[in-house]
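K.L.:
Please see the structure below; I have some questions.
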Amino acid sequence: MLFDSHIATLLGVAVDLVNVLTDGSAGGRSYTAPEREGRPRVIADILQAESRWPVGRAVTQEEADYLAETAGAMRAIFDAVNRGEIGHAASVLNRLLMSTGARPQLDQLDREPWQVHFHGSEDSLAIGWSAGCATALAFAVGSDLAGRLGVCNADLCDRVYIDSSRNAARRFCSTACQNRTKAAAFRARHAGRR
């Protein structure tokens, strides 16, 4: 395992927030993030899918807007790492860590062993998740795991991912993008034979 379960959860949330809340391209098509009013529901879905976040807890518009800004900063981190600009990624990360007041804290949930979790300067949903995701990204960028942060190599796709493969060989955000790229390469090879 590359990352402990808490870091892996936070990295998963970071990937989902970036992929859902930032414009670009996805799977060969242009992608537009949900409008401001649509953000709270998609964020609640992400948090419920990736964690033990309480089902039914509404995300406010203010929290959604804050997390959308965080997603933009995290997009810049993935893009910088993808370009090999670790210094720039670290600079963006440091600003995000400072703005959220990220701090470690020991928590015990559901009678499990004590675990290090990351909180923000205040325990609000938006600042807490932003601080946690930023800290998880800092663990990756500040170690030999920075290369595990990826941006899809498929044409017309810029969605991000965390490479948890054994050999660090992942290049695509999804199997669909991988298959689309392989099919295009196959067609190009066969077109050249005619």
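The values are calculated or read from the model by the stated rules, or taken from the named source; none is laboratory data. These numbers were taken from a predicted model, which means no experiment stands behind them. Glycine also receives a Cβ, built like all others from the backbone with ideal geometry; neighbour counts cover every protein chain displayed.
K.L.:
Could you check the stretch 155-194 and list, in sequence order, the residues that are loosely packed, with under 14 Cβ neighbours inside 10 Å, in contact (Cβ under 8 Å) with a residue 12 or more places away in the chain and over 22 Å from the mean Cα position of the chain (by Cα)?
P.N.:
184, the sole residue that qualifies.
K.L.:
Still on this model: Mind telling me which of the residues 102, 49 ends up being surrounded by 19 or more Cβ atoms within 10 Å (Cβ to Cβ) and closer than 21 Å to residue 3 by Cα?
P.N.:
Details: 49 fails: surrounded by 19 or more Cβ atoms within 10 Å (Cβ to Cβ).
Residue meeting the stated conditions: 102.
K.L.:
Residue check: is residue 152 in contact (Cβ under 8 Å) with a residue 40 or more places away in the chain and of a type outside the set (Asp, Glu)?
P.N.:
Working: in contact (Cβ under 8 Å) with a residue 40 or more places away in the chain: no; of a type outside the set (Asp, Glu): yes.
In short, no.
K.L.:
Moving on. Testing residue 79 on (1) within 28 Å of residue 42 (Cβ to Cβ); (2) acidic (Asp, Glu); (3) free of Cβ contacts under 8 Å to residues at least 40 places away in the same chain, one condition comes back false. Which one is that?
P.N.:
(3)
K.L.:
So, residue 44, is that one of a type in the set (A, V, I, L, M, F, W, C) and at pLDDT below 95 or not?
P.N.:
Details: of a type in the set (A, V, I, L, M, F, W, C): yes; at pLDDT below 95: yes.
For residue 44, the condition - of a type in the set (A, V, I, L, M, F, W, C) and at pLDDT below 95 - is met.
K.L.:
Further question on the same structure: Can you name every residue in the stretch 85-112 that is more than 18 Å from residue 127 (Cα to Cα) and at pLDDT 95 or above?
P.N.:
Answer for the stretch 85-112, where residues must be more than 18 Å from residue 127 (Cα to Cα) and at pLDDT 95 or above: 85, 86, 87, 88, 89, 90, 91.
K.L.:
Please list, ordered by residue number, the strands (runs of 3 or more DSSP E) wholly in the stretch 82-194 having 3 or more residues that are farther than 29 Å from residue 58 by Cβ.
P.N.:
Values: elements: 103-107, 115-119, 149-151, 160-162.
Answer list for the stretch 82-194: 149-151.
K.L.:
If the requirement is being surrounded by 19 or more Cβ atoms within 10 Å (Cβ to Cβ) and in a helix (DSSP H, G or I), which of these qualifies: 59, 18?
P.N.:
Details: 59 fails: in a helix (DSSP H, G or I).
Only one candidate passes the filter, namely 18.
K.L.:
While we're looking at this one, here's another question. Over 18 Å from the mean Cα position of the chain (by Cα), surrounded by 13 or more Cβ atoms within 10 Å (Cβ to Cβ) and either within 24 Å of residue 62 (Cβ to Cβ) or among the acidic types (Asp, Glu) (or both), is that true of residue 79? Full working, then the answer.
P.N.:
Values: over 18 Å from the mean Cα position of the chain (by Cα): no; surrounded by 13 or more Cβ atoms within 10 Å (Cβ to Cβ): yes; either within 24 Å of residue 62 (Cβ to Cβ) or among the acidic types (Asp, Glu) (or both): yes.
No, not satisfied.
K.L.:
Pull up the stretch 21-34, narrow it to residues that are modelled with pLDDT of 95 or more and in a loop (DSSP other than H, G, I, E, B), then point me to the one that is surrounded by the most Cβ atoms within 10 Å (Cβ to Cβ).
P.N.:
Among those residues, the one meeting the criterion is 22.
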